[in-house]
1. K481: accessible area at probe 1.4 Å, nearest 10 Å²?
2. Once Rh for segment 346-483 is found with the Kirkwood sum over Cα pairs, what is the Stokes-Einstein diffusion coefficient at 25 °C and 0.890 mPa s, in µm²/s?
3. Scan around G346 for amide H atoms under 5 Å from its own, H built in the peptide plane at 1.01 Å from N, and keep only partners 5 or more places away or cross-chain.
4. Would you mind checking K289/K442; K106/K160; K249/K442; K160/K251; K106/K481; K251/K289 for any pair whose Cα atoms are more than 20 angstrom apart?
5. For the pair H177/L416, report the inter-label distance in nm, with labels modelled 7 Å from Cα in the Cβ direction.
6. Near the amide H of R334, under 5 Å away, which other amide H atoms are found, from residues 5 or more places off or on another chain, if H is placed in the peptide plane?
7. Could you run the Karplus curve 6.51 cos²θ - 1.76 cosθ + 1.60 with θ = phi - 60° over segment 184-197 and give me ³J(HN,Hα) per residue in whole Hz, x for Gly and Pro?
8. Quick one: what are the phi-derived ³J(HN,Hα) couplings along segment 466-475, Karplus 6.51/-1.76/1.60 with θ = phi - 60°, whole Hz, x for glycine and proline?
Amino acid sequence: MKMHKLLLKLRSLPQSRFHQRTALHVSANRCLSTDTTDGPVEDKNEVNSEKRIPRAGKYRSPWKILREEFEGIGTMKPPGLEVPRETDILIVGGGVVGSAVAYWLKQRNPKGSNILVVERDPVYTRASSMLSCGGIRHQFSVPENVQLSMFTSEFLRNIKQHLSVIHESPPDVQFNHQGYLFLAPPRGAEQLMENVQMQQELGAKIDLLSKRQLAEKFPWLNLDGIECGSLGLEGEGWFDPWLLVRALKQKNLSMGTKYVHGELIGFELAPKHDPQERDTLDYGVVRVKSGQEFEVAFAFVINCAGPWAADVAEMAKIGLGEDDMSVPLPVEPRKRFVYVTHCPDGPVLDCPFVIDPSGVYVRREGYGGHYLCGSSPATEAQEPDIANFDVDYDFYNDVVWPGLAKRVPAFNESKLKSAWAGYYDYNFFDQNLIIGPHPRMKNFIFANGLSGHGLQHSIAVGRALMELIQDGEYKTINLEKFHFDRFLTNTAIQEQGIV
C-alpha cells in the first residue's frame, strides 16, 4: 500500500514537471552534447549499429581488433580506442560530484582500480555547479547535511595538500570566508535556535544573534519582522566552482582516471544463472561525438548525471519494472536564476551571504559594489519553464528586487547588470541527497538529488562512496538514511534549511 501511494505521488506532478522529462531530455541532449569546437554528438537513431565496438568479453576476429586499435592513423587521428572496453568503475557525469567520486576512489588506490568518467559537456557550459553562486554553509537542520558541508570546508582548507599536481600551480578556489546569515521571523525563531544548538554540538562555528545584536553588527539591515539570526563564523562563505572542478579533474588525470567526451545511451543486464538472482548490470554503451558506440564492461556504475540522473536510472530499468524496480528516481531539472546587480552604496566587507525569510538571498561579488541575488519560487505554480535557459526578468522585478530592497534599503538604488539560468538536480520527493546502491540492482549506485547543495556536499559524497565501495560501509559520515530505500517506504527526510 505504501509503495502504491508513493507511485501515485511521483506520477501526480504537473505536466510541466515529471511528465515532460523525456521530451526535455531529447532537447537537452542536443544542447549538452555540443561544444563550440567539436560539434554535436549524432542522434542515436542515425547511428548504424555496425559502429558499435563490443566490450572485451566478446570474441572477435584479431584482424578486426587490430583495425579498431589503429583506426585513424591514415587520417592523422591518434590510434587506439576512444573508450576502453573494460573499467572497474564507470562514472556517468564528470562535474563536481562525479569528479569528487573519481578523486577519492583513485586517491585510496591509485594503481588498483580503473576509473572511467563519461561527460557529454566537457567544458561544463551547462553544469549545475558552474552556474551556481558557489556557496558553502554549515547551517542545515539535518545533522548529516551539516557534517557533509563541514567535511568539504576542511577539504578546501587543505586543498593544496589534496589536489596539487607536480609541475602545476597549487590550486586556489578563491574562498571568501564571509559566512551565511539566516534571518528568522518570530514564528521561525525556535526552529532556528534548535538548528544552531545542533550545529554547535557537531562542531560548527555558528553564532545566534538577537535582533539587537543584528542591528549593531549590520546597521544596513532593515529588521522589521525579524526576531533573530544565525551567522556562520568559520568554514562558510563562497568560492569559484570552476576552479574546484578544474583542480579535481587535473588531479584525477594525473592519477590515471580517464575522461571521455561522450554520452551514455544504454545498459545491458548480465545473464542470470538462477532466476532468483538479483539483476546486475553487465556493461554500458557510450557514444562519442563521431557517432561511434562502445560497449564498456564494469563492476560498478555510479550515477552522477545531475539534473538528468533519472534518465540514466531509466536506462537501467529503474522505475520501469516491477516491485522495487517500479519506483523511479525522483530527480528532475529545476531552473533557477542568478541576477547580478550593482549597488554603489551597498554593504561591502561586512556583507555575509544573507538569507531572508522570504527566500530572497544576496551576497557580495568582489569589492566594486556588485552583488549576486535570487530566490527560489514560493510555489509549484511559480516554477519556471525548463525547456530553455531563458532568464525571467519579471521574476527579478516582481519578487527578488522588492524583497531585497525591503531587507537592505540601499538596494532601492541598485541597477540590474546581468543574469543567467541554471538547473538544480532537484529531488522532488524531499529535496535531499540520494546515495548508495539500488536495493535491487546492487552495482548501480546513486549520487543524485542534491537540490542545489551539490557543490558544497560533493567532496564528502565522493568520500562516502569510496568508503562504501572499498570498505563495504560508511566510515566518516553515516549516510544510510539517504539511501533509495526511503522511497520504497515513503519516508521523507525533512530539511528546514532549504534555500
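The values are calculated or read from the model by the stated rules, or taken from the named source; none is laboratory data. Quantities reported herein were computed from a predicted structural model and do not represent experimental measurements. Cβ sites come from the backbone with ideal geometry, for glycine too, and all protein chains shown count toward neighbours. When the accessible area is computed, the model is the full protein with side chains, heavy atoms only, and any ligands, DNA or RNA have been set aside. Shrake-Rupley method; radii C 1.70, N 1.55, O 1.52, S 1.80 Å.
1. Probe radius 1.4 Å; accessible area of K481 about 90 Å².
2. 138 µm²/s
3. none
4. Beyond 20 Å: K289/K442; K249/K442; K106/K481; K251/K289.
5. The two pseudo-label positions are separated by 3.6 nm.
6. Hits under the 5 Å cutoff: Y424, Y426.
7. The phi angles translate into 10, x, x, 5, x, 5, 5, 4, 5, 5, 5, 4, 4, 4 Hz.
8. Using θ = phi - 60°, the values come out as 4, 5, 5, 6, 7, 9, x, 7, 7, 9 Hz.
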